[in-house]
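Here's the structure we're looking at; comments come further down.
Every read-out reported here was derived from the displayed coordinates using simple, explicitly stated rules and does not represent laboratory data. Quick caveat, the model's predicted, so the values are computed rather than measured. Reconstructed Cβ throughout: ideal geometry from the backbone, glycine too, with neighbour counts over all protein chains shown.
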Amino acid sequence: MAKNTSANIGFEEKLWAAADKMRSNMDSSEYKHVVLGLIFLKYISDSFETLHDKIEKEESAEESEDKDYYTAENVFWVPKEARWNYIKDNAKKEEIGKIIDDAMIAIEKENSKLRGVLEKNYARPHLDKRRLGELVDIISSIDLIDHDNHQKDIIGRVYEYFLDKFANQEGKGGGEFYTPRCIVKLLVEMIEPYSGRLYDPCCGSGGMFVQAELFNREHDGPSDDLVVYGQELNPATWRLAKINLAIRGIDGKLGEKPADTLHTDLHPDLKADFVLANPPFNVSDWGGEHLRNDVRWKYGTPPTGNANYAWMQHFIHHLSPTGIAGFVMANGAMSSNTSGEGEIRKKLIQAGLVDCIVAMPDKLFYSVAIPCSLWFISRDRYDNKFRNRHDEILFVDARKIGKMVDRRHRELSEEDIKQISEAYHNWRNTDGKYEDIKGFCKAAKIDEVEKNGFVLTPGRYVGTEFVEEDDEVFEEKMKRLITELNQHFEESKDLEEKIRRSLSKLDIGGKNG
């Protein structure tokens with residue numbers, strides 16, 4: 001990723017380089033939990049010690065060991081055997097792994113919010129204890145407490161930086177737990193979740209919630225008025241999310257366990273004011289055959305071979321009467337007609353739910369190199385002058401936007417994010433500032449979308465000079481190509497037979513040859 005990202009506050013790169021040297025032959029997906037677990041342990045210990053020193057100075061040494069003081073200040077209670085100084089003093093011992101595991105167990109026992117969340121496998125035989133001790137020494141060099149009372153900023157940004165770097169290293173696997181910050185920031189800037197219920201049913205490591213909280217603080221909004229609900233299937237990623245929110249002081253309702261959202265909805269009665277999500281793309285084995293009559297499929301039963309429209313209808317099902325959803329989606333969903341997807345899309349459009357579609361450039365995501373799109377679905381499509389926008393969709397073609405930060409990845413700048421979000425807000429608010437921009441954005445009427453076969457690819461509407469990307473869905477393309485190849489094969493067999501018969505008539509190689 002870019003060296004000067006917004007997460008960079010001066011020492012993350014040095015810390016990352018030093019920590020990464022300790023990895024040896026350990027897989028990045030495994031090492032991630034080793035490092036992030038220790039960073040979290042250092043943070044809560046530093047927070048505890050800061051308040052401990054203050055209480056001891058202002059009250060007494062006895063009072064400084066009273067757990068109630070820490071609970072009142074929303075600081076995790078850290079038992080003596082789990083405090084970082086004890087860990088650091090024992091870093092060179094062979095049993096350092098067990099000491100860290102015992103510390104994690106003790107912290108979970110004393111803090112119910114962290115039960116079942118912390119990494120407790122540092123004593124495993126194949127984890128090099130000498131390198132583990134060196135990693136403790138490296139992390140000991142970080143001061144995670146900003147004494148100007150911005151400690152959550154420091155630890156949050158360090159944690160985000162490491163999540164980003166691990167996602168980069170893991171490539172496709174990294175996309176399962178981390179959505180690049182610029183995409184999350186754009187989604188949040190567009191739906192503006194100031195207060196209410198925010199829901200992410202495939203929350204990964206919780207980046208949507210963190211960015212929403214930052215958005216509120218940057219706009220002087222009351223972040224306490226935003227209540228977050230989430231769910232995550234992967235147990236390790238679910239634990240990352242719990243820790244990420246704990247670092248930020250966000251009381252996220254992520255359920256008591258990881259679970260499959262489409263099959264085991266942990267928030268069945270939730271009606272959210274905002275949905276932010278980056279669901280897994282084009283999942284073919286999502287178990288749709290067991291959900292054929294589900295109440296969520298109001299606009300059509302999604303195909304068993306692709307979960308894209310199952311996720312969309314799950315989002316819609318959980319929206320309040322005035323709710324709005326912003327989510328990442330595979331480009332194929334804008335044009336697919338496979339197994340009834342086109343009919344579902346048509347019904348969503350005719351119901352006036354589709355608010356805005358943004359075509360994104362490629363190489364933004366760790367999980368896929370292909371370009372993706374952002375969808376915005378809204379139940380309340382009246383602007384601040386009570387104009388009804390149900391008969392209109394805003395299309396934004398942002399495929400030219402962003403800069404390559406390395407050979408494989410692109411990022412959106414603050415200016416890029418502002419350009420897209422301002423176009424959307426100007427269109428929604430009818431204050432006279434919005435106008436179509438050829439090649440970038442257009443507000444299209446539903447009858448125009450109908451004339452285009454209810455295809456939602458922005459390039460068809462904005463009049464772009466950019467070469468139109470292939471709209472054909474992969475599965476449909478493969479079927480067509482296989483059919484064409486079979487046809488060519490049959491034709492070649494017919495041609496071969498005709499040549500054979502012709503040669504036979506000429507008696508080539510016979511007695512007259």
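The charge dipole of the stretch 12-171, taken about its Cα centre with unit charges on the Cβ of Lys, Arg, Asp and Glu (plus for the first two, minus for the last two), comes to roughly 820 debye.
Taking other Cβ atoms within 10 Å as a rough exposure proxy, M404, M329, M360 sort from fewest to most as M404, M329, M360. Which loop-located GluC sites (Glu not before Pro) does the stretch 208-281 contain, where loop means any DSSP state but H, G, I, E or B and the Cβ has at most 15 other Cβ atoms within 10 Å? Loop-located and lightly packed - E256. Label point of T50 set 7 angstrom out along Cα-Cβ; within the stretch 67-89, amide nitrogens under 12 Å from it belong to 75-76. Look at the dipole of the stretch 172-462 built from charges on Cβ: of I357, L187, H318, the Cα furthest out on the positive end belongs to I357. Backbone amide hydrogens, once placed in the peptide plane, bring L254 within less than 5 Å of G230, excluding anything fewer than 5 places away on its chain. Rg and Dmax of the stretch 172-462, both derived from C-alpha coordinates alone, stand at 17.9, 50 Å. As a proxy for reagent exposure, T50, T261 were ordered by neighbouring Cβ count within 10 angstrom, fewest first; the result is T50, T261.
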